[in-house]
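Asker: Let me give you the structure first, and then I'll get to my questions.
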Amino acid sequence: MGEAVSNSLPLNIVTVFIPVLFYFLGLSSNLEQFKRIFIEKKSLIYGLGIQLILLPLIGLLISELFRNSLFAVAAVVVLIVPGGHVSGLLSHIKGGNVPLSVFLTSFASLISPITIIFWLTVITSRSNNFSVDPATSFIQLLLFVLVPFVFGMIVKVKFQKFTNLIFKPLDVFLKALIVVVSIWTPIDLASYILENIQQGLLISLSSLIMIFISSRIVINSSNIDLPNAKTLQIEALCQNFPIVLGISLALEMPEVAIYGMIYYLTSMVFAVSYSFSKKF
């Protein structure tokens, strides 16, 4: 499995384009929009709390419940990455607060080198089968995530004409790339996915049901308005698939990639179904 995953062409393509993805996220960032979001402090705090604290804690619980599974560590790793970009589209479909969704994804991505390393260190302290060098991993995440993100923000401010010229083509290219890779990767590694589909689905469904119920309890207790509540619910269901694959290759843990694909496909069924449903 390890050699097949490390040699997988779509996985390696994703890894190469992760910095480009975060550069584009920086280009997409609207500082004025972010300033308005800060006015809605309650939604912001609850959204980040769900994304950065609640989800990793659920991952640790799931890992403990399925500690004898091949995917015990992978179940946590998938839930420590920032939210996925598809959440903005699904928030729009649901009638949520799209700027809030974009901000939560952007901000969680911006600080992800810190949050991911923190939770990887927690996983290391709890598992005898997993270890990570915090310093090396932190530098990798800085170079792959933070540096291109900040560079994109600077380019947008300093070179507006250039940004306008490349934004639309880059947007179309990256969306097409994500669609192609999302289809190509499961096909490329189909035999390994099918071999582990039963335990992968069981853990994914357990995680998603726990996430949906616990995040709903937190959101209902917050008394935030309905559009923001819808957005936070969608954010809880969407993880950043490319970062999961990148972590899998960086840590040389093929099971993270296999479980990540199973979780991604399962979570999309959850998230899309919720976004099109009539009820909150």
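Asker: I'd like the full set of residues that are touching a residue at least 12 places away in the same chain (Cβ under 8 Å) and either of a type outside the set (Gly, Ala, Ser) or not in a helix (DSSP H, G or I) (or both), limited to segment 209-221.
Answerer: Of everything in segment 209-221, those that are touching a residue at least 12 places away in the same chain (Cβ under 8 Å) and either of a type outside the set (Gly, Ala, Ser) or not in a helix (DSSP H, G or I) (or both) turn out to be Met210, Ile211, Phe212, Arg216, Val218, Ile219.
Asker: In segment 110-134, how many residues are within 18 Å of the chain's Cα centre (by Cα) and modelled with pLDDT under 85?
Answerer: 1
Asker: In segment 250-259, which residues are of a type in the set (A, V, I, L, M) and modelled with pLDDT of 85 or more?
Answerer: Met253, Val256, Ala257, Ile258
Asker: To continue, here is another question. Of the conditions (1) under 11 Å from Val78 (Cα atoms); (2) of a type in the set (Val, Ile, Thr); (3) more than 13 Å from the chain's Cα centre (by Cα), Val244 satisfies every one except a single condition; which number is it?
Answerer: Among (1) under 11 Å from Val78 (Cα atoms); (2) of a type in the set (Val, Ile, Thr); (3) more than 13 Å from the chain's Cα centre (by Cα), the lone unmet condition for Val244 is (3).
Asker: In a helix (DSSP H, G or I), within 29 Å of Ser8 (Cα to Cα) and of a type in the set (Gly, Ala, Ser), is that true of Ser206?
Answerer: Yes, satisfied.
Asker: Then there's this: From the residues in segment 140-151 that are modelled with pLDDT of 85 or more and among the β-branched types (Val, Ile, Thr), which one is nearest to Leu27 (Cα to Cα)?
Answerer: Val150
Asker: Restricting attention to segment 126-157, report how many residues are without any contact (Cβ under 8 Å) to a residue 12 or more places away in the chain and either in contact with a strand residue (DSSP E or B) (Cβ under 8 Å, 6 or more places away or on another chain) or surrounded by 18 or more Cβ atoms within 10 Å (Cβ to Cβ) (or both).
Answerer: Summing the residues that are without any contact (Cβ under 8 Å) to a residue 12 or more places away in the chain and either in contact with a strand residue (DSSP E or B) (Cβ under 8 Å, 6 or more places away or on another chain) or surrounded by 18 or more Cβ atoms within 10 Å (Cβ to Cβ) (or both) in segment 126-157 gives 0.
Asker: Look through segment 250-259, keep the residues that are part of a helix (DSSP H, G or I) and either under 13 Å from the mean Cα position of the chain (by Cα) or of a type in the set (A, V, I, L, M, F, W, C) (or both), and return whichever of them is surrounded by the most Cβ atoms within 10 Å (Cβ to Cβ).
Answerer: Checked segment 250-259; the qualifying residue surrounded by the most Cβ atoms within 10 Å (Cβ to Cβ) is Ala257.
Asker: Separate question: Would you check which residues across segment 190-200 are surrounded by fewer than 18 Cβ atoms within 10 Å (Cβ to Cβ) and of a type in the set (Ser, Thr, Tyr) and list them?
Answerer: Matches in segment 190-200: Ser191 only.
Asker: Kindly indicate the residue of segment 228-240 that is in a helix (DSSP H, G or I) and not β-branched (Val, Ile, Thr) and also surrounded by the fewest Cβ atoms within 10 Å (Cβ to Cβ) among those meeting that condition.
Answerer: If we take residues in segment 228-240 being in a helix (DSSP H, G or I) and not β-branched (Val, Ile, Thr), then Ala229 is surrounded by the fewest Cβ atoms within 10 Å (Cβ to Cβ).
Asker: Then there is this: Inspect segment 182-189 for any residue being assigned to a helix (DSSP H, G or I) and loosely packed, with under 14 Cβ neighbours inside 10 Å and give the result as yes or no.
Answerer: yes
Asker: Does Ile224 meet the test of being farther than 25 Å from Ser28 by Cα and either basic (Lys, Arg) or assigned to a helix (DSSP H, G or I) (or both)?
Answerer: Spelling it out, it is not the case that Ile224 is farther than 25 Å from Ser28 by Cα and either basic (Lys, Arg) or assigned to a helix (DSSP H, G or I) (or both).
Asker: Follow-up. Has segment 184-198 got at least one residue that is among the acidic types (Asp, Glu) and without any contact (Cβ under 8 Å) to a residue 40 or more places away in the chain?
Answerer: Yes, there is a match, as at least one residue in segment 184-198 is among the acidic types (Asp, Glu) and without any contact (Cβ under 8 Å) to a residue 40 or more places away in the chain.
Asker: Kindly check whether there is at least one residue in segment 265-278 that is touching a Gly at 6+ places or on another chain (Cβ under 9 Å), in contact (Cβ under 8 Å) with a residue 24 or more places away in the chain, part of a helix (DSSP H, G or I) and among the β-branched types (Val, Ile, Thr).
Answerer: Within segment 265-278 (the criterion being touching a Gly at 6+ places or on another chain (Cβ under 9 Å), in contact (Cβ under 8 Å) with a residue 24 or more places away in the chain, part of a helix (DSSP H, G or I) and among the β-branched types (Val, Ile, Thr)), the answer is yes, since at least one residue qualifies.
Asker: Moving on. Checking Val14 against (1) modelled with pLDDT of 80 or more; (2) of a type outside the set (Ser, Thr, Tyr); (3) crowded, with 19+ Cβ neighbours inside 10 Å, which test does it fail?
Answerer: Unmet for Val14, out of (1) modelled with pLDDT of 80 or more; (2) of a type outside the set (Ser, Thr, Tyr); (3) crowded, with 19+ Cβ neighbours inside 10 Å: (1).
Asker: Note down all Cβ pairs under 7 Å where the first residue falls in segment 223-241 and is farther than 21 Å from Val145 by Cβ, the second is in a loop (DSSP other than H, G, I, E, B) and at pLDDT below 90, and they're at least six residues apart or on different chains.
Answerer: Leu226/Phe280; Pro227/Asn97; Asn228/Glu40; Asn228/Asn97; Ala229/Phe280; Lys230/Phe280; Thr231/Asn97
Asker: Ok, one more. Report yes if Ile39 is modelled with pLDDT of 85 or more and loosely packed, with under 15 Cβ neighbours inside 10 Å, otherwise no.
Answerer: For Ile39, the condition - modelled with pLDDT of 85 or more and loosely packed, with under 15 Cβ neighbours inside 10 Å - is not met.
Asker: Same structure again: Give Ile247, Ile243, Ile262 a once-over and let me know the one that is modelled with pLDDT of 90 or more and crowded, with 17+ Cβ neighbours inside 10 Å.
Answerer: Going through Ile247, Ile243, Ile262 in turn, the sole match is Ile262.
The values are calculated or read from the model by the stated rules, or taken from the named source; none is laboratory data. Owing to the predicted nature of the structure, the values given are computational and were not obtained by experimental measurement. Every residue, glycine among them, receives a Cβ derived from its backbone with ideal geometry; neighbour counts consider all protein chains shown.
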